[in-house]
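Visitor: Sharing a structure here in structure tokens format.
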Amino acid sequence: MAHTDKYLLQVLVRMLDDERNDIYLHVDKKWKEFSPSFLSVVHANLYILDKRIDARWGHANLIEVEYNLFEEAYRRGGYLYYHLLSGVDLPIKSQDYIHRFFYEHQGTEFVSYWDPHQPNYDAKLKISRYYLFMKYEKISWRLPSILIAKCRELLGRILPQRKAEYEYKKGSQWISITGRAVSMLLEHRPFVQRRAKYTRAGDEIFLQTLLWEYMHDSLHVYKGTYDRAAMREVRWAPYANSPDTYTMKDKDFLLASDMLFARKFSSEVDREIIDFIQKEFAK
């Protein structure tokens, strides 16, 4: 799922360009300058989704993007694992290492959860209330943004609570799952897309919930930072709203990591670390 940063996306595709991989790409509709000519592959197959969606933070259309990617990949079929990556991720292991890892752990679902054994009140709140106007959640105009948020909060309190069909769970949307798990998620697509309307950040809730409900015994258990259950190296500053962006200062930290993917990177912040990762973990 890419929305910006041509240089970083080119590096990511180049690092995934392996005969054992197929790459499915959704490019956000807001990226007006994007062209398929930006990208080329030698060994992998690259499929760029025709339907481009204007995906917004917290909006249900993020789930639609995820489902479109999973559905297109599953339709072609035959994959041991399906990895949902963002356009600001990079692998921090070689393709040989990554393929060997998932071959040795086949059948395990690599999904992150926030305190999965405790009731998640944040997830329940974001599912049980009606969250309207999420398309305008992070617009740049400060005053309208505040007014819309106030109206949404008021309406959320006035409108009736919605039924909780499951014990809802929450975690990062970036996951590595088996074909069996993808099949289950696709079976529940009509329910998810209907129920996700007018929720907040449902992309961090619905897939986690269904995988916990139906694939619980296959989930990877990792004691520590929740992203690491999905084999992602993601670093958060205290009380931050988004992960840190890695720079060359983090070189040794990333080299020492036992994770398979890391996020996030930016060519505008530090292109050198991107080039370093590409060179270090080239096939």
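The values are calculated or read from the model by the stated rules, or taken from the named source; none is laboratory data. Keep in mind that what you see is a predicted model, and the values were worked out from it rather than measured. All Cβ positions, even for glycine, are placed from backbone atoms using ideal geometry, and neighbour counts span all protein chains on display. Keep in mind that these areas ignore ligands, DNA and RNA; they rest on the heavy atoms of the full protein, side chains included. Shrake-Rupley method; radii C 1.70, N 1.55, O 1.52, S 1.80 Å.
Visitor: Which number in (1) over 19 Å from P91 (Cβ atoms); (2) in contact with a strand residue (DSSP E or B) (Cβ under 7 Å, 6 or more places away or on another chain); (3) aromatic (F, W, Y) marks the one condition that Y67 misses?
Guide: (2)
Visitor: Hey, another quick one. Which of the residues that make up segment 1-25 are over 16 Å from E268 (Cα atoms), touching a Gly at 6+ places or on another chain (Cβ under 9 Å) and not in a strand (DSSP E or B)?
Guide: Within segment 1-25, M1 is the sole residue that qualifies.
Visitor: Report those strands (runs of 3 or more DSSP E) wholly inside segment 31-142 carrying at least 1 residues which are among the aliphatic types (A, V, I, L, M), closer than 18 Å to A230 by Cα and at pLDDT 85 or above.
Guide: Hits in segment 31-142: 89-91.
Visitor: Restricting attention to segment 67-94, report how many residues are open to solvent by less than 50 Å² (accessible area, probe 1.4 Å), closer than 19 Å to Q193 by Cβ and of a type in the set (F, W, Y).
Guide: Selection size over segment 67-94: 3.
Visitor: Name the single residue, out of those in segment 161-194 being under 12 Å from the mean Cα position of the chain (by Cα) and open to solvent by 10 Å² or more (accessible area, probe 1.4 Å), that is nearest to A55 (Cα to Cα).
Guide: Once the filter is applied, the top-ranked residue is Q173.
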